[in-house]
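The values are calculated or read from the model by the stated rules, or taken from the named source; none is laboratory data. Since the model is a prediction, treat every value here as computed from it, not as a measurement. For neighbour counting, all protein chains shown are included, and Cβ atoms are generated from backbone atoms with ideal geometry for every residue, glycine included. Surface areas here come from the heavy atoms of the whole protein model, side chains and all, with no ligands, DNA or RNA. Shrake-Rupley method; radii C 1.70, N 1.55, O 1.52, S 1.80 Å.
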Amino acid sequence: MSGLAMTPLSHLLDDVRGLRWPSRRRVSGALPGVHDSRRRGMSPELSEFRAYRQGDDPRQLDWKLLARTDRAYVRLAEERSILPTIFVLDASASMDFPSGAKSKWTLAVTVTIGLAAVAHASGDPVGLIVPTASGEILIPPRTRRGVVDELARALGVVRPEGSPALDDAMRRTGNARRIVLVSDFLGREPELTGAALALAQQGREVCAIHVVAERELDPGRDTRMVVDPEDPSLRRPLSRESVVDYRAEFDAWRAALARAWRLRGASFTEVVTSEPPARLVRRIVSA
Amino acid sequence: MRFASPVLLIAAGVAAAAVVVLHLLARRQRHAEAFPTARFVPRQAAASAVRVERLRDIRVLAARGLALLLAGVAAARPSWQATSGETVRVIVVDRSRTTGAQRQAVVRSIAAGGITRVVVFDSTAREIDLAALGRDTAGPSARANLSAGLVAGIRTASTLRDRYARVELHLVSAVAIGAFDAGTSRIRDQWPDSIHVHRLNAALDTTRTEVAVDAAPGDQVMAMMQLAAAVTRDTARATVRVQRGPLLAAASIWGRTGGRRIVVWPPPLPGSTTDSVGVLVSATGTVAGYFRRSPIDSAGVPIIWWADGTVAARERPNADGCIRALGFEPSAVGDGALSLSMRTLVRRLLVPCGAEQAWVAASDSTVAALERPPLAAPTIATAAPATPPWVTALLIGLALLALLLERQFRRPAPEQA
């Protein structure tokens, strides 16, 4: 797991143990899990009695109730199902900021591992898609033991660089019912929003996690030339005079971004690199 | 204004220049910082930000340069006195017998139309008036001590540097090798500027020593002289005259000019004794043999001694020349008079007046080394007057103030609401 420190991850996994990450809506999966299913079935957990209708399975008849009341009732129970979850991570160059252990990429990986551990502990299959400059890393959602370690190992070798297309990756999420997008949303933003809308219309649960660096919120007042790492032609002088306008513009953009994603039915959470990852995971799963 | 350590001032100037160069290089190579949200920085702020940054850069640069220069000036220990705009010449004159009368003409040509201080030296040095130079005859010694002359000359010149805009140090000498000693080079380095060396022709030409011997052809002294030097009958050409017998007036007159030497070597008196084994000691060596002792006049400085300490030969001045009186006679029996050690002793009798050895001119490279300024700064003779403490404190305080200003200029201004 090069590039990721094992000890902080171990602490994180200890901190998030016991958490549950419920689905925001009833899921339609057939396999038994912990999330409320749209189906009503035969589980021992009684939900309600309904009068027998032609076509109902006779095995669902409550015979004791029929004997007492001489009426035929069908016994209905709540079904629970799994929620296949796939994480789509943004490994573009802008995520490698600020460089070092406090980068947005490090936080994105840490939060992803924490959320994957929470989902996997609930029996949900977890998978990963990371489009990178050198190719795509794809781990389909799985429930087997050790899949979280597999995710961590796969993420440990990724170096954020270039501008890989996230929207294409989101369209290749297969049968995953919960798509977790971890990104800074800098670049191909309209395409990404469109892909999220398409997924939401398919009834999938889209969870957006916006990673923001603390230095992006407070860039300081030293005058310097700044350049977009994904677009070297974009060079602007950042000074203490312009930082006020910068902050206003950045805040407005973030607010608009959150509003747009929420309007499309996605959950949207902004995380800042200065926050402890365990707290972030708790905040996301309880959102 | 003078500086005790101008090198430090130069170093501070170089450091300030380096700061400017580094500043310009850093400005030229200022790299852009990767910033993912650069797109949110407004475009219109570019020009004003660059202008403000440039102004702040100049103030920071000026404060840094000023702090360095002030610290350099304080370290260089400045001092100042009211100075005249004139040039003064300090002429160090070799008054040994090697220089002759030509030195006076040379000194006067140097001193023409200017402020002049004259220091004369042979084995010792002293300062005299220029007018007194004509009355100053050559010293008794043929050997000049250049170190003594330079010490006195540099000391005089150093005292004048505070009062005159320019001080020139001139050396008038024949510059013999024997004039240098182990400390001459270091003493010369105490004068920070060049020394103008006016080299005289040596009054003594020891390369062609011709001896006129007033002795019978069969005399052993004649044979000894023929082995040691070129013997001539022409007394006008000779620089040494050996007189076998009492000193005559004509010979004495002959020897008064041109540094000529008269060796009075009388034959032994009839009653003189012969040492069983006599030993003669001189600066050039020791001779053992059979000698007869003769009494000699007590005037003059001893140049040869018997082994028991009594004087065997003396030298006394004779105007520009000298007279050497001998009180020994080699035995006519045997060839001891022609031995190598005896030949060396005889050559000792022929050297210039006041000299113990033959005069040899210093090489041109030695003279050039004497002329050119030293590489390292002088430490002793040219030390500047002390800097007033309040000046040092003021300079250091200003340097600290410049540093504080530099910190203030570097600090970003408080953000406007």
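Annotations for the structure displayed:
- Screening B:V7 on (1) under 38 Å from the mean Cα position of the chain (by Cα); (2) at pLDDT 85 or above shows it passes everything except condition (2).
- Among the residues of this structure, A:A266 counts as one that is within 19 Å of A:V212 (Cβ to Cβ), under 29 Å from the mean Cα position of the chain (by Cα), more than 13 Å from every other protein chain (Cβ to nearest Cβ) and at pLDDT below 90.
- Long-range neighbours under 6 Å by Cβ, at least six apart or interchain, first residue within 14 Å of another protein chain (Cβ to nearest Cβ) within region A:90-114, second surrounded by fewer than 22 Cβ atoms within 10 Å (Cβ to Cβ) and assigned to a helix (DSSP H, G or I): A:P98/A:R215
- Going through (1) surrounded by fewer than 16 Cβ atoms within 10 Å (Cβ to Cβ); (2) within 20 Å of A:R188 (Cβ to Cβ); (3) modelled with pLDDT of 90 or more one by one, A:S134 falls short only on (3).
- Among residues of region A:275-287 that are in contact (Cβ under 8 Å) with a residue 24 or more places away in the chain, those with a Cβ under 8 angstrom from a residue that is open to solvent by 40 Å² or more (accessible area, probe 1.4 Å) and of a type in the set (K, R), sequence gap 6+ or separate chain, pair up as A:V285/A:R20.
- Screening A:W105 against (1) open to solvent by 10 Å² or more (accessible area, probe 1.4 Å); (2) closer than 28 Å to A:G18 by Cα; (3) in contact with a Phe, Trp or Tyr (Cβ under 6 Å, 6 or more places away or on another chain) leaves a single unmet condition, (3).
- A:R254 vs. criteria of a type in the set (D, E, K, R) and free of Cβ contacts under 8 Å to residues at least 24 places away in the same chain: no
- Scanning region A:196-254 for residues that are facing chain B (nearest Cβ under 7 Å), in a helix (DSSP H, G or I) and open to solvent by 50 Å² or more (accessible area, probe 1.4 Å) yields A:D245, A:E249.
- First in region B:22-43 and charged (D, E, K, R), second anywhere and open to solvent by 90 Å² or more (accessible area, probe 1.4 Å) and modelled with pLDDT of 80 or more, Cβ under 9 Å, 6 or more apart: B:R39/A:E249
- Elements of type strands (runs of 3 or more DSSP E) in region B:223-311, at least 2 residues being open to solvent by less than 40 Å² (accessible area, probe 1.4 Å) and of a type in the set (G, A, S): B:278-282, B:285-289
- Looking only at region B:164-183, and only at residues there that are open to solvent by less than 10 Å² (accessible area, probe 1.4 Å) and part of a loop (DSSP other than H, G, I, E, B), the one that is farthest from B:P373 (Cα to Cα): B:A174
- Residue ID - farthest from B:A179 (Cα to Cα), chosen from residues in region B:342-389 that are hydrophobic (A, V, I, L, M, F, W, C), modelled with pLDDT of 85 or more and outside any loop (DSSP other than H, G, I, E, B): B:M342
- Test: residue in region A:6-18 that is farther than 20 Å from A:A117 by Cβ, out of contact with any helix residue (DSSP H, G or I) (no Cβ under 8 Å at 6 or more places or on another chain) and at pLDDT below 85: no
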